[in-house]
1. Consider K278 against the criteria (1) touching a Phe, Trp or Tyr at 6+ places or on another chain (Cβ under 6 Å); (2) without any contact (Cβ under 8 Å) to a residue 24 or more places away in the chain; (3) not aromatic (F, W, Y): it satisfies all of them except one. Which criterion is unmet?
2. So in the range 91-135, with the set limited to residues that are on the phi > 0 side of the Ramachandran plot and assigned to a loop (DSSP other than H, G, I, E, B), which one is farthest from the ligand (Cβ to nearest atom)?
3. Yes or no: V178 surrounded by 20 or more Cβ atoms within 10 Å (Cβ to Cβ), touching a residue at least 12 places away in the same chain (Cβ under 8 Å) and within 20 Å of the chain's Cα centre (by Cα)?
4. Please identify the pairs in which a residue from the range 240-269 that is more than 16 Å from G319 (Cα to Cα) has its Cβ atom under 8 Å from the Cβ atom of a residue that is of a type in the set (F, W, Y) and within 16 Å of the ligand (Cβ to nearest atom), counting only partners at least 6 apart or on another chain.
5. Any residue at all in the range 159-168 that is closer than 17 Å to Q249 by Cα and either touching a strand residue (DSSP E or B) at 6+ places or on another chain (Cβ under 8 Å) or among the small types (G, A, S) (or both)?
6. Taking the range 294-320 as the search range and keeping residues that are of a type in the set (V, I, T) and in a helix (DSSP H, G or I), which one is surrounded by the fewest Cβ atoms within 10 Å (Cβ to Cβ)?
7. Would you be able to tell me the number of residues in the range 243-287 that are crowded, with 24+ Cβ neighbours inside 10 Å and among the acidic types (D, E)?
Amino acid sequence: MKTQLVKLPFRSWWAVTGLFFILAGSGGLAQVTTTAPPQPGRESPQSAIQPPAGLPSPDAIERAVKNAYDSAKGENSGKNADYIPALAQVPSDLFGVAVVTVDGRVYKAGDVDHTFSIQSCSKIFTLCHVMQESGDKVILDKIGVEPTGDKFNSIKAIEQGAGNADNPLVNAGAIATVSLIKASNADERWEKLLNTYNRFAGEKLKLLEDVYKSEAESNFRNRGIANVLFNSKHLYAEPMECTDVYTKQCSVGVTAKQLAVMGATLANNGVNPMTKEKCIDAKYVPKVLAVMLTCGFYDESGTWTWGSGLPAKTGVGGGIVAVAPGKMAIVGFSPRLNEAGNSVRGAKAILSIDQELGLNLLAGREAPKRLGMK
Ligand code: GLN
């Protein structure tokens, strides 16, 4: 097993965005690609290549991505979601890891160019949309921010409380969040939302029509959830319109890198690190992250936060996005899910990077110097 490191001169990095490659040998090791930050109107190349204080060094991040990929690759447990027929067709072996830092560097390993459906990772960006449009109080008052301890599509959880949707990251709460978007019809509701997603990604994202069709034909449970909420006056627009827009948001296609840019926008206080566009006011970001920390892994959220100390959100398409505030977002993508509906390899890879770089938010501020942190 031979690993070769090829470094290109700095100047050629500016012209093309690629910086350097670790070329893996034939032993199945990760090939990690690192991309330099975008430099609109750059005046000083030297200052631009210095990562902000507190961020692990590029070498340390690159090593962590490689180690995460290599350590999670052999994990074959779990299975694709199959209650949405199109998701059962996705090749189970796909596996990608992407990190995007607040200074716009991109680190990638594995199947990072594969477009998968964002599924429930979308819920955080719908939450961002509504907070930006109407403030945060509406979320607390009309939906709630309590974890359910139940499955993501639980109806019992709605009924055993006050009839509200519990939190914006379970299906009920996400459909209720869609109902709070200020719109007078379905098209307007959808276009506003997709526009917000595009700004977080810094790119135009597309609806995966096959996934949307498949889910729209089989989403009887979500239609039931919307009706139950509407009946208890905790859905704030027409139930089937909200269910349909929610189904569309789940069917948006992303690559691991695109999802990591979306997450890095949260890590960067609401400013997209690639386009520099403000996508959400900084004051709302800690609240979005709080809900991710407590509810992002559904009925596995306690275990996740125990182990990671990082806000994260999973989707049944196999994506997970975790946010280390002020530093980076990490995405693990692989379709095989555990019982709670969370990607097994994705979680393992993110935990590996989290631990290697000392990102756990609840573990204090001591930077592990040996990992190259400033
Ligand atoms: N679209 C999926 C659903 O409504 C999203 C669930 C998920 O990703 N956990 O069931």
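1. (1)
2. G104
3. yes
4. Going by the 8 Å Cβ cut-off, the qualifying pairs are V245/W190; T247/Y212; K248/W190; K248/Y212.
5. Scanning the range 159-168, I find no residue that is closer than 17 Å to Q249 by Cα and either touching a strand residue (DSSP E or B) at 6+ places or on another chain (Cβ under 8 Å) or among the small types (G, A, S) (or both), so the answer is no.
6. Selected residue: T303.
7. Number of matching residues: 0.
Quick grid of which residues meet (1) modelled with pLDDT under 95; (2) surrounded by fewer than 18 Cβ atoms within 10 Å (Cβ to Cβ); (3) more than 16 Å from the ligand (Cβ to nearest atom):
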residue: A201; (1), (2), (3): no, no, yes
residue: K206; (1), (2), (3): no, yes, yes
residue: E217; (1), (2), (3): no, yes, no
residue: N222; (1), (2), (3): no, no, no
residue: L229; (1), (2), (3): no, no, no
residue: L235; (1), (2), (3): no, no, no
residue: M240; (1), (2), (3): no, yes, no
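The values are calculated or read from the model by the stated rules, or taken from the named source; none is laboratory data. Since we're looking at a predicted model, the values are computed, not measured. Heads up, the Cβs are rebuilt from the backbone with ideal geometry, glycines too, and the neighbour counts pull from every protein chain shown.
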